[in-house]
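Quick one: the structure is below, questions incoming.
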Amino acid sequence: MSLQGYKVPMEGEGFDLTPMIDVVFLLIVFFMTVASMLAAEKIDMNLAVADESAIPKEIKERYTFSVLADGSFYSRAKPISESDLNVEIARLAEINPGLKIVVRADKFAEHQHVNKLLKICAQNGINDIIFATYQSDL
């Protein structure tokens with residue numbers, strides 16, 4: 001076996017790791033940014049606990065509406081009035097006839113407020129609705 005043409009690295013020579021470190025740094029920044037954006041779309045609230053809750057596979061394909069304990073509504077993370085809620089749901093249903101919705105209702109919210117949201121969805125032909133809950137520790 002001949003070592004002709006093989007260059008032995010001298011002391012001080014080696015692989016330049018700078019490009020690899022730059023790429024890793026950019027990936028870390030990217031994932032941190034995406035994670036903060038995902039967390040920003042949710043409103044802090046006390047969801048109900050369900051013993052047999054399950055995480056649906058198509059959760060990312062659903063549009064989120066929230067009902068807080070005081071009866072206020074949120075479209076994703078933006079506050080929305082009841083009259084604008086009807087307009088927003090009608091607009092979304094027109095754009096996407098197969099619209100799927102996640103309802104995040106505070107466990108202290110009165111059912112009349114949640115029922116308003118469900119009625120508006122029904123009036124606009126949206127019937128694929130799931131409720132967000134915490135999973136039980138049992």
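If you take the beta carbon distance between residue 87 and residue 26 as r and set R0 to 41 Å, what does 1/(1 + (r/R0)^6) give as a FRET efficiency, to the nearest 0.05?
Efficiency at R0 = 41 Å is approximately 0.50.
Region 59-138: which chymotrypsin sites (Phe, Trp or Tyr not before Pro) are DSSP loop and have at most 14 other beta-carbon atoms within 10 angstrom?
Loop-located and lightly packed - 108.
Would you mind listing how long region 45-121 runs along its three principal axes, going by Cα atoms, in whole Å with the largest first?
35, 30, 21
Please go through region 48-138 and write out the GluC sites (Glu not before Pro) that DSSP classes as loop and that have at most 11 other C-beta atoms within 10 Å.
Loop-located and lightly packed - 52, 58.
What length, rounded to one decimal in nm, is gained on full extension from residue 123 through to residue 75, with 0.36 nm per residue of separation minus their alpha-carbon distance?
Here the segment from residue 123 to residue 75 would lengthen by 15.5 nm.
Given R₀ = 41 Å, what would the calculated FRET efficiency be for residue 44 paired with residue 18, taking r from the Cβ atoms and rounding to 0.05?
It comes to 0.50.
Throughout, read-outs are computed from the coordinates displayed, never taken from laboratory work. Computed from a prediction, not measured in an experiment: that's the story for all the values here. Heads up, the Cβs are rebuilt from the backbone with ideal geometry, glycines too, and the neighbour counts pull from every protein chain shown.
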